[in-house]
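FYI, it's all coordinate maths here, none of it is from the lab. What you are looking at is a predicted structure, and each value in this text was computed from that prediction instead of being measured. Here the Cβ positions follow ideal geometry from the backbone for every residue, glycine too, while neighbour counts run over all protein chains shown.
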Amino acid sequence: MAKPDKRKEILRAALELMAEQGFHGAPMAMIAEKAGVAAGTIYCYFKSRDVLITELYREIEARITAYLQDGYGVEHLIRERFLHIATGLLRYFIAHPLDFRYLEQFHNSPYGAVFRRDKCLGKSDHNIYLELFAQGISQGVIQDLPLIVLAALTFGPIISIMRDHTLGFVTLDDHLIEKIAASCWEALRQ
């Protein structure tokens with residue numbers, strides 16, 4: 001029988017606990033217990049709690065990016081690529097509600113503020129959202145607004161609707177997801 005990957009187990013436990021109880025409600029000892037490792041073992045994989053929190057964010061972001069890149073073609077029109085991303089995000093979050101809850105908390109924390117600033121200033125790695133916005137502006141199909149404004153016009157509604165979905169206020173189906181994505185596009189298009 002294969003040994004469980006302790007790093008993965010720690011990340012899984014941290015995701016479950018932090019998504020449900022918040023960063024402050026999930027101390028390292030609780031994460032270690034849920035992961036089935038000794039408390040000190042976490043520090044073999046993650047230098048500090050801050051490193052664990054940001055590494056979990058990076059893992060989730062990498063999963064989302066991989067999901068969105070499936071079927072994403074740079075040869076497609078800007079509108080088609082935008083709709084692919086917007087519908088893909090909603091579908092991903094419906095399938096992975098803990099990831100959504102974690103990201104929402106992360107982006108509304110000081111950790112998230114640093115990542116958002118770096119992305120908007122172009123200091124982060126490859127970002128399909130910002131590349132799409134920049135290409136759309138250069139082609140004259142997306143309004144020439146600051147990237148942070150374009151991100152807010154896109155992700156603000158998606159996050160709000162997803163939050164309402166998780167609370168049971170609205171049920172997202174394929175038809176509604178596509179209409180939401182098209183509405184977000186209308187807010188951006190030139």
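Every residue in segment 138-162 that is more than 20 Å from residue 90 (Cα to Cα) and among the small types (Gly, Ala, Ser), please. Within segment 138-162, 138, 140 meet the criteria.
Could you tell me how many of the residues in segment 163-175 are in contact with a His (Cβ under 9 Å, 6 or more places away or on another chain) and surrounded by 14 or more Cβ atoms within 10 Å (Cβ to Cβ)? Spell out the reasoning first.
Filtering segment 163-175 down to residues in contact with a His (Cβ under 9 Å, 6 or more places away or on another chain) leaves 171-172.
Still in the list and also surrounded by 14 or more Cβ atoms within 10 Å (Cβ to Cβ): 172.
Residues that pass the stated criteria total 1.
May I ask you to say which residue of 45, 57, 67, 72 is touching an Asp or Glu at 6+ places or on another chain (Cβ under 9 Å) and in contact (Cβ under 8 Å) with a residue 24 or more places away in the chain?
Going through 45, 57, 67, 72 in turn, the sole match is 45.
Out of all the residues in segment 163-187, which are over 11 Å from residue 90 (Cα atoms), free of Cβ contacts under 8 Å to residues at least 12 places away in the same chain, more than 20 Å from the chain's Cα centre (by Cα) and not in a loop (DSSP other than H, G, I, E, B)? Those that are over 11 Å from residue 90 (Cα atoms), free of Cβ contacts under 8 Å to residues at least 12 places away in the same chain, more than 20 Å from the chain's Cα centre (by Cα) and not in a loop (DSSP other than H, G, I, E, B): 175, 179, 186.
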